[in-house]
Amino acid sequence: MSISEPGRGARDRPEEDEITMLKERVRLLTMQNMSLEKDLDFYKKEVQKLLEPPYIEAMVLEVLPDDRVVVKSSTGPNLVVNVKAGIDVSRLRPGTSVALNNRGSTIVEILPSIHDPLVEAMEIEERPPITFKDVGGLESQVREIYEVVGLPLIKPELFAEIGVEPPKGVLLYGPPGTGKTLLARALAGEVKATFIRVVASQFVNKFIGEGARIVREVFRLAREKKPSIVFIDELDAIGARRVDIGTSGDREVQRTMLQLLAELDGFDPLEGVKVIAATNRIDLLDPALLRPGRFDRLIEIPLPDKKGRVEILGIHTRNMKLKDVDLEEIAAITEGFSGAELKAVVTEAGFFAIRDGMSYVTQEHFIRAVDKVRNRMEKRRQLFGTHI
Ligand code: ATP
């Protein structure tokens with residue numbers, strides 16, 4: 001084509017326009033095609049999902065040495081199943097949620113766990129950072145618990161040599177807030193043991209169907225992390241005497257307690273694991289729990305006397321700036337207060353000082369705090385009676 005030919009450019013323009021237009025159309029159609037392919041893919045997957053048989057949800061109970069797994073299926077029975085290639089068997093632990101294929105023969109997926117009851121049910125603390133110095137009053141109880149639980153943990157040979165069998169389980173009983181948990185934790189700190197705490201009432205309210213398994217796991221862990229102290233708070237929730245086992249909930253509680261008894265019966269008192277339980281309601285406990293070889297040492301944790309109250313107030317004001325405060329006088333006007341309530345008095349006195357814009361706490365702040373806590377105690381007593 002030569003530029004000198006007149007009129008040629010004008011004739012070409014419609015063709016060029018048409019080509020540009022067609023190119024644009026191709027581009028748009030390609031995009032449309034891509035979008036439709038995407039949609040098609042989506043709908044194919046949806047159809048696939050609708051056609052697929054459902055998986056069965058299950059929970060791992062045990063991984064066998066040959067990498068097969070015992071699971072409890074949501075449909076009922078315990079099953080021994082295989083694991084699909086590509087699934088990391090080391091991620092399968094007791095309690096892991098998994099999906100089985102529809103025949104129930106193979107684990108095909110590890111499900112994201114919304115909550116692991118085992119992790120939620122226990123608090124583990126290796127060598128708690130407190131000692132008997134943090135416990136006020138309770139002198140004879142401190143001595144006793146150290147002798148019957150602490151010493152056998154750190155010097156088992158002493159007992160083996162003399163031929164004395166220390167108790168396996170100790171039961172602390174007394175009103176709420178008197179320092180039962182604190183004493184058990186302080187003992188663990190003192191003898192540098194692992195402290196494992198479970199709250200028995202949670203087996204009844206929160207971990208239904210899991211109680212026996214959690215008890216088994218707690219003891220397995222305690223052996224693994226020995227020396228260790230297993231602390232079972234609110235034992236009465238699973239260890240209460242029952243008139244008859246009516247509902248399935250009752251049977252579940254009974255199973256949890258039987259598992260606990262089996263664990264207690266099954267271990268050697270000198271193998272580095274000790275059990276301390278606590279209750280506010282010893283009157284409710286099943287006598288089976290208190291038989292020799294079980295919780296056969298009872299230690300009463302009473303409300304503190306005046307000397308105990310001075311000590312407890314001293315502990316909780318250790319890091320507080322005080323001015324002309326007479327803790328003896330505060331102890332004298334707090335008869336009937338538990339350790340937890342005395343701690344609340346100290347905290348409230350601190351708040352009063354802050355509210356008054358002061359950088360230290362005075363006797364007057366304490367007196368106002370005592371009144372406030374006493375009113376709160378009174379209200380609670382009216383609402384719930386004496387057992388709360
Ligand atoms: P509950 O029966 O309600 O479980 P508890 O007897 O286990 O109560 P703790 O939980 O040990 O009581 O006490 C609560 C808090 O009160 C403790 O963390 C501690 O701060 C304070 N306290 C209770 N008793 C004492 C004590 N004897 N010495 C120092 N502090 C104490």
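Values computed for the structure shown
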{"item": "Residues within region 269-280 that are at pLDDT 85 or above and either at negative phi or within 14 Å of the ligand (Cβ to nearest atom) (or both), tallied", "result": "8"}
{"item": "Unmet requirement for PRO176, which otherwise passes all of (1) more than 16 Å from the ligand (Cβ to nearest atom); (2) surrounded by fewer than 19 Cβ atoms within 10 Å (Cβ to Cβ)", "result": "(1)"}
{"item": "Residue check, SER74 within 31 Å of the chain's Cα centre (by Cα), among the small types (Gly, Ala, Ser) and modelled with pLDDT under 90", "result": "yes"}
{"item": "First in region 263-275 and among the small types (Gly, Ala, Ser), second anywhere and surrounded by fewer than 17 Cβ atoms within 10 Å (Cβ to Cβ) and modelled with pLDDT of 75 or more, Cβ under 9 Å, 6 or more apart", "result": "GLY272/ARG223; GLY272/LYS226"}
{"item": "Qualifying residue in region 82-96 (condition: crowded, with 16+ Cβ neighbours inside 10 Å, at pLDDT 90 or above and in contact with a Leu (Cβ under 9 Å, 6 or more places away or on another chain))", "result": "yes"}
{"item": "Subset of region 140-173 (residues that are touching a residue at least 12 places away in the same chain (Cβ under 8 Å) and either within 13 Å of the ligand (Cβ to nearest atom) or assigned to a loop (DSSP other than H, G, I, E, B) (or both))", "result": "GLN141, VAL142, ILE145, GLU165, PRO166, PRO167, LYS168, LEU171, LEU172, TYR173"}
{"item": "Test set (1) at pLDDT below 90; (2) in contact with a helix residue (DSSP H, G or I) (Cβ under 6 Å, 6 or more places away or on another chain) - GLY177 fails condition number", "result": "(1)"}
{"item": "Residues of region 346-362 that turn out to be within 11 Å of the ligand (Cβ to nearest atom) and either buried (at least 19 other Cβ atoms within 10 Å of the Cβ) or in a loop (DSSP other than H, G, I, E, B) (or both), as a count", "result": "1"}
{"item": "Looking only at region 311-331, and only at residues there that are out of contact with any Gly (no Cβ under 6 Å at 6 or more places or on another chain) and within 11 Å of the ligand (Cβ to nearest atom), the one that is farthest from VAL135 (Cα to Cα)", "result": "ARG318"}
{"item": "Failed item, numbered, when ASP236 is tested on (1) modelled with pLDDT of 80 or more; (2) among the acidic types (Asp, Glu); (3) more than 16 Å from the ligand (Cβ to nearest atom)", "result": "(3)"}
{"item": "Residue in region 307-315 that is under 20 Å from GLN363 (Cβ atoms), more than 30 Å from the chain's Cα centre (by Cα) and not charged (D, E, K, R) present", "result": "yes"}
{"item": "Matching residues, region 89-106, being among the charged types (D, E, K, R) and either touching a residue at least 24 places away in the same chain (Cβ under 8 Å) or under 16 Å from LEU64 (Cβ atoms) (or both)", "result": "ARG91, ARG93"}
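Here is a yes/no grid of residues against (1) away from the ligand (no atom under 13 Å from the Cβ); (2) over 22 Å from GLY211 (Cα atoms):
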position: ILE282; (1), (2): no, no
position: ASP296; (1), (2): yes, yes
position: PRO304; (1), (2): no, yes
position: LYS307; (1), (2): no, yes
position: ILE333; (1), (2): yes, yes
position: GLY339; (1), (2): no, yes
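Residues checked against (1) assigned to a strand (DSSP E or B); (2) polar (S, T, N, Q); (3) touching an Asp or Glu at 6+ places or on another chain (Cβ under 7 Å):
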| position | (1), (2), (3) |
| --- | --- |
| ALA288 | no, no, no |
| PRO292 | no, no, no |
| ILE299 | yes, no, yes |
| PRO304 | no, no, no |
| ARG309 | no, no, no |
| ILE315 | no, no, yes |
| MET320 | no, no, no |
| THR334 | no, yes, no |
| ALA340 | no, no, no |
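The values are calculated or read from the model by the stated rules, or taken from the named source; none is laboratory data. Keep in mind that this is a model prediction, so the values were computed, not measured. Virtual Cβ from ideal backbone geometry, glycine too; neighbours counted across all protein chains shown.
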